[in-house]
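Here the structure is laid out as structure tokens; the discussion comes afterwards.
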Amino acid sequence: MYSISVVVPVYNEEGNVAELHREIKETCEKNNYTYEIIFINDGSSDRTEEICKTLKPLKYIALRRNFGQTAAMDAGIKEAQYDYIVTMDGDRQNDPADIPMMIQYLEENDLDVVSGWRKHRKDTVMKKFTSRGANLLRHILVHDGIHDSGCSLKIYRKECFDHINLYGEQHRFIPAILKIKGFKVGEVVVNHRPRTAGKTKYNWRRTIKGFVDMISVWFWNKYSTRPLHLLGGMGLLFLLAGGGCGIWSILLYWEGRKMSDNIFPPLLTVFFVIIGMLLFVFGLMSEILIKTYYGTHIDSSYSVREIVNYSKDDVK
């Protein structure tokens with residue numbers, strides 16, 4: 001039978017964690033899974049920690065402060081020990097009852113990742129509009145074949161995360177990152193429920209961060225091994241433009257025109273040559289940094305305060 005680790009970042013979800021834990025436990029035991037439930041408290045300021053410490057079985061991870069959903073998810077994934085890793089939100093809008101169907105789809109189609117698609121979302125109009133705009137941009141830039149990258153309900157084979165560290169808002173682009181590395185990605189429609197307790201944590205700042213991370217994933221997909229192809233190529237174009245402006249300036253000088261009356265061509269020459277040289281140098285430096293990245297350990301972007309494993313055999 002399957003063994004799964006269910007990873008759930010939580011932040012100020014005192015009204016949801018107990019019932020979500022019950023639903024996950026019920027689903028796992030109903031399907032005879034070997035399982036662990038991992039809740040990562042991302043610096044909550046309400047009673048989330050107090051309630052989590054009453055739940056069993058539970059592996060409880062507390063971050064020192066609010067580092068963001070991606071950091072919390074990365075911390076939980078690194079503690080997961082079973083063959084399949086399931087990630088989901090802590091607001092109970094993802095339905096744990098979808099987990100068996102997702103595992104079956106992954107196995108039947110020999111996939112490494114299955115992402116949930118909230119085809120019938122129970123969110124506000126503004127949140128739906130923002131999400132669809134972000135998904136359109138992601139489709140143009142990333143091409144990961146996923147309709148709903150913002151859905152946290154996903155299942156992964158554990159080996160997917162052997163050499164991956166997550167930053168910023170990159171939890172939304174994990175399938176894209178894994179597809180770049182050659183893993184097979186699929187998607188299924190999942191149930192999406194309205195929020196019944198707590199407040200949404202999404203705002204315009206997270207939207208901007210997500211867009212910036214989308215650009216990062218696009219760059220990584222296209223130029224992760226040879227950034228010089230992009231920056232160096234742009235630098236050469238600017239140098240060619242500078243050379244053209246230089247020829248223009250020389251022709252004006254031969255015609256007897258004063259440079260003081262035609263300052264624009266020489267200025268363009270200097271501008272294009274300097275920018276071209278800088279871009280080319282940046283490309284060379286990026287090439288060196290990429291090689292360093294692949295050859296060294298990357299430090300974590302968050303700090304864990306404690307990890308406690310509450311067994312169902314423990315006495316309250």
- prompt: Can you find a residue in the stretch 31-43 that is crowded, with 24+ Cβ neighbours inside 10 Å, out of contact with any strand residue (DSSP E or B) (no Cβ under 6 Å at 6 or more places or on another chain) and in a strand (DSSP E or B)?
  reply: no
- line: Among the residues of the stretch 44-72, the number that are in contact with a strand residue (DSSP E or B) (Cβ under 8 Å, 6 or more places away or on another chain) and either part of a strand (DSSP E or B) or not hydroxyl-bearing (Ser, Thr, Tyr) (or both) is 16
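Kindly indicate which of 79, 19 is assigned by TED's automatic domain parsing to the domain that holds residue 191, in contact (Cβ under 8 Å) with a residue 40 or more places away in the chain and out of contact with any strand residue (DSSP E or B) (no Cβ under 9 Å at 6 or more places or on another chain).
The conditions single out 19.
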message: Considering only the stretch 294-306, I want to know if a residue exists there that is at pLDDT below 80 and in a helix (DSSP H, G or I).
response: yes
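Per-residue answers, yes or no, for (1) farther than 13 Å from residue 306 by Cβ; (2) within 26 Å of the chain's Cα centre (by Cα); (3) not assigned by TED's automatic domain parsing to the domain that holds residue 96:
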site: 25; (1), (2), (3): yes, no, no
site: 38; (1), (2), (3): yes, yes, no
site: 50; (1), (2), (3): yes, no, no
site: 61; (1), (2), (3): no, yes, no
site: 64; (1), (2), (3): no, yes, no
site: 70; (1), (2), (3): yes, yes, no
site: 73; (1), (2), (3): yes, yes, no
Among (1) buried (at least 18 other Cβ atoms within 10 Å of the Cβ); (2) within 28 Å of residue 177 (Cα to Cα); (3) not aromatic (Phe, Trp, Tyr) - the single one residue 51 does not satisfy: (2)
query: Out of the residues in the stretch 72-84 that are buried (at least 22 other Cβ atoms within 10 Å of the Cβ) and out of contact with any Pro (no Cβ under 7 Å at 6 or more places or on another chain), which is nearest to residue 191 (Cα to Cα)?
result: 84
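The values are calculated or read from the model by the stated rules, or taken from the named source; none is laboratory data. Given the structure is predicted, the values throughout are model-derived calculations rather than measurements. Positions of Cβ are backbone-derived with ideal geometry, glycine not excepted, and every protein chain shown enters the neighbour counts.
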